Each structure stands twice: as C-alpha cells, then as structure tokens.
Amino acid sequence: MPRWLFCVLLGATTWTLLGCGGSGSSGGTTGGNVIAGPGPNVVSVAAGGSTQNPAGIVNGSFTSVSICSPGTSTCATISGLLVDTGSTGLRVLSSVLPGGFTLPQQTDSGGNPIVECLQFGDGFTWGPVKTADMKVSGEQASSLPIQIVGDPNFTVVPASCSSAALGPNENTVALLGANGILGVGNFLQDCGAACTVSAGNPGLYFSCPASGCVVTTESLSAQVSHPVAKFATDNNGVIVELPAVAPGGAISTNGALVFGIGTQSNNMLGSATILTLDANGNFATMFKNSSFPGSFVDTGSNGLFFLTTAITGLPMCPTNTSFYCPTSVQNLTATNIGTNGHSTPITFSVANADSQLTASNPNFLLPELSAPFPTSFDWGLPFFFGRNVFVAIEGQSTPGGTGPYTAY
C-alpha cells in the first residue's frame, strides 16, 4: 500500500463504511500486554467513546499533543487526534485551532505557499504545510512540517487532487472523524523519494501562487514528517498498548502510546516477534492455505478488513451492505509472516455487523467488526486490543534491528 494512503473511519451514528479497512482480532499476545504508566515517553490513549472522540466514531483511538510556534511558548493543545500507525505526520484541522493562533507557512524558492493533498482510503485532506514545535509528554519535535487541514486561505482544491480521491475533502471534524491525525507509522515522511523528483511524482505537494496551484517537488526534509523521528531521544518507533476488549464490545478503554523501542525500561521488546516489512510497509498473511502479501497493521482502520466473500465464505450484510454478516460469530485463524520469515499465528472472530451497528448498542469498541478488503488483510484497531504492538521507523536502529518492522 502506498505510504500516503491509509484507511477508514466509521461514524457511530451513520454506520457507513468510509473507505478501505482494518482488522478484528482476539486473544493472546506474543510480546505481552502491559499498559505503561505515566512517564516522559508516554502519552495516554483513549479508545472508544469519550470526550477525546469528537465525531463519535467506532473503533477509534485518540490522544493529545501541543503545537507551538517554533522556538516560542505560544502553544495550543489539540485533543481528539486519531492515533494512526498507517500514516506519517501530524495533521490538524484549522477549525480546532484557537483564534489568532498562527504558524509559519512553508514556501517554495519563489515564495509561493506549499499546500498538500493527501489521499486516504475514505477521502482526502487538503491544506497548507506549516512548521511547528510539537510537544507531547516529555518529548519535543522541533521545526516539524505539519499539515493544517481546511485552512480558509486555501479553499480551491486542484482537480488533480479531488478527482483522484476515494471520498470527500475531509475538512471538518465530522468528515475526518477527529480533530486531526497523529501519524506514527513506519516511514520517515508521508511520501518519500517519489515526491522529490518530477518524473512519476504522485502529486501530493503543490506550489500555490495566486494564479493557481500546480504539483511541485518536495525535498525529504520539507515533507510532512514522522514527529517521533524528530525527538532528541526515544525516536526509533512507538508502541501502541491497549487492553483486551471482550467479545461483543465495550464502551471505552484506556491505553498508552509509548515512544521509543529499547530506549527506556518501559519500551523493551521482550519476547515480541519481529516481522520485517517490505518497501511499502507490508508483510504477508496466510489464510486458508493461501498467502496474501500487502497486509499491514493500522490503528487508523476501524475493523477487520480482509479479502472477499468469494474467498472467506462470509456473507455481506443486508442493511450495512459494506460489512460481513455471518449468522453466528465465526472464529478464524491466520498467520502473519514478515519478510524475515518470522511468523505469528492470529485468532480472530467475525460477528454480524447488522446486529452490532444499531442505535441501541452503546459500545464504541467492537472487536469483531469486519468487512472486505480485496486482496490482503488490513489489521485495524481491534488487532491491537490485548497486544503491545511495536512500530519501528524505517532506517532507525533498535535492539531488534533496523526498521521498518512490526512486532508483537
């Protein structure tokens, strides 16, 4: 999967599939499931229904950070940020920033503002690239390029951006499903080398003079970047730690996002199995004696999204027509395999989405929610329930080797 495409948010009131999807999982762990207590490299994560969930989405996990005008104490704390291991970079809705709060605008060599179009599985974000100091717990990423989504100074979206989208411009809380996105995936930048050259440029970055926006190249250092990689320490990856959720679901739970791998006593790999990843951040999943490359873990996806009815035998829902609806809960098994040959068996369950996605169900965490994803597995937020999942950043050294890898 391209590094700039992640998947799917689900509105708790609309029950509409807004993009491609994730995974549902259950049961045991390889590396253990201990939730870290407070510390300078730990920030709390609220999953499910809470004040951190501004749009009331199902199977979302959220946290808060502060952003500051670089080198100053002029800061704003932004809550309700979706924790997303499937993308890279900090994105904040302009509408949730305090009145009068400003950040330096990134410009090209001619002084024209740089604006980004980032495609997601359910829509796109359009907005300028600005520079901020990001502070979270005891960590700081200085002079970090971030995206401000829905900036009123940049309302005209180029056709090359909107025509490629799989959904709407996600420039409101309701459409984005959050106040912003904290992308803590495996890559250092949200595009990488492809955006540094003209030939084959995917068209994420635009130079926007008064005459109109045109696709431009963007250096690696100027691209929207992994905030953790910019920390002075604890900068080689993250751990997502969420408690197990019982079958049938729960209203909410609390966990932790831990910065660093093997850098502190609270982020050791222990017995976690390391699955190294290919150039797109993917591993393979074995299911029903067939291998499905292009699989990945993603807290930004809100269910178990895998394969098709033709392969799984799972029927689609008559009401929520994008989801699987078996007549009874189906208990399934798969095996994830890294490019290093290491493997881990996975057990997971698929429930009837029509029976779960009802107005009378108070649960915002549904570990058995599942839908198709044509050729592979997107192991979304439910995969993380009851597991400590390590996400190592590309090129960064860790006690388990150089990233990128996933471990649990």
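Data for the structure
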quantity: Test item: Cα-centred dipole of the chain, Lys/Arg +1 and Asp/Glu -1 on Cβ, debye; calculated: 260
quantity: Ranked packing of 207-214, 304-311, most packed first, by mean Cβ within 10 Å; calculated: 304-311, 207-214
quantity: GNM top mover of Pro145, Pro70, Pro227 - the chain, alpha-carbon springs below 10 Å; calculated: Pro70
quantity: Note, ³J(HN,Hα) from phi for the stretch 93-103, Karplus 6.51, -1.76, 1.60, rounded to Hz, x at Gly and Pro; calculated: 5, 4, 5, 9, 6, x, x, x, 7, 10, 10
quantity: Span from the the stretch 285-311 Cα centroid across to the the stretch 385-408 one, whole angstrom; calculated: 20
quantity: Highest average packing first - 55-65, 268-278, 177-187, 371-381, Cβ atoms within 10 Å; calculated: 177-187, 371-381, 55-65, 268-278
quantity: Contour excess over end-to-end distance, with Cα ends at Thr51 and Ser291 and 0.36 nm allotted per residue; calculated: 82.3 nm
quantity: Extension reserve of the Asn254-Ser198 stretch, reckoned as 0.36 nm per residue once the Cα distance is removed; calculated: 15.7 nm
quantity: Beta bridges by DSSP in the chain, antiparallel share as percent, to the nearest 5; calculated: 85
quantity: Cut-off under 5 Å, modelled amide H: who pairs with Ser225 long-range; calculated: Leu90
quantity: Portion, in percent, of the accessible area of the chain that falls on carbon or sulfur, probe 1.4 Å; calculated: 55
quantity: Beta bridge orientation in the stretch 60-168: antiparallel %, DSSP, nearest 5; calculated: 90
quantity: The stretch 192-274 - Debye-derived log10 I(q)/I(0), Cα point model, q = 0.12, 0.18, 0.23 Å⁻¹; calculated: -0.65, -0.86, -1.05
quantity: Gaussian network model of the chain, springs between alpha carbon atoms under 10 Å - residue of Phe101, Phe206, Phe296 with greatest fluctuation; calculated: Phe101
quantity: Full-stretch length increase - Ser142, Ser162 - with 0.36 nm per residue and alpha-carbon distance subtracted; calculated: 4.0 nm
quantity: Given charges at Cβ of Lys, Arg, Asp, Glu: the chain dipole, positive-most of Thr51, Val65, Ala250; calculated: Ala250
quantity: For the chain: accessible area per residue (Å², 1.4 Å); calculated: 34
quantity: Column: log10 I(q)/I(0), Debye, Cα scatterers of the stretch 304-346, q = 0.32 Å⁻¹; calculated: -1.20
quantity: Estimated D of the chain in µm² per second, where Rh is the Kirkwood radius over Cα pairs and Stokes-Einstein applies at 20 °C, 1.002 mPa s; calculated: 102
quantity: Radius of gyration and maximum dimension Dmax of the stretch 236-393, Cα, Å; calculated: 16.1, 50
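The values are calculated or read from the model by the stated rules, or taken from the named source; none is laboratory data. If you're wondering where the values come from, they're calculated on a predicted model, not measured in any experiment. For neighbour counting, all protein chains shown are included, and Cβ atoms are generated from backbone atoms with ideal geometry for every residue, glycine included. Remember, those area values only see protein heavy atoms, side chains included, never the ligands or the DNA or RNA. Shrake-Rupley method; radii C 1.70, N 1.55, O 1.52, S 1.80 Å.
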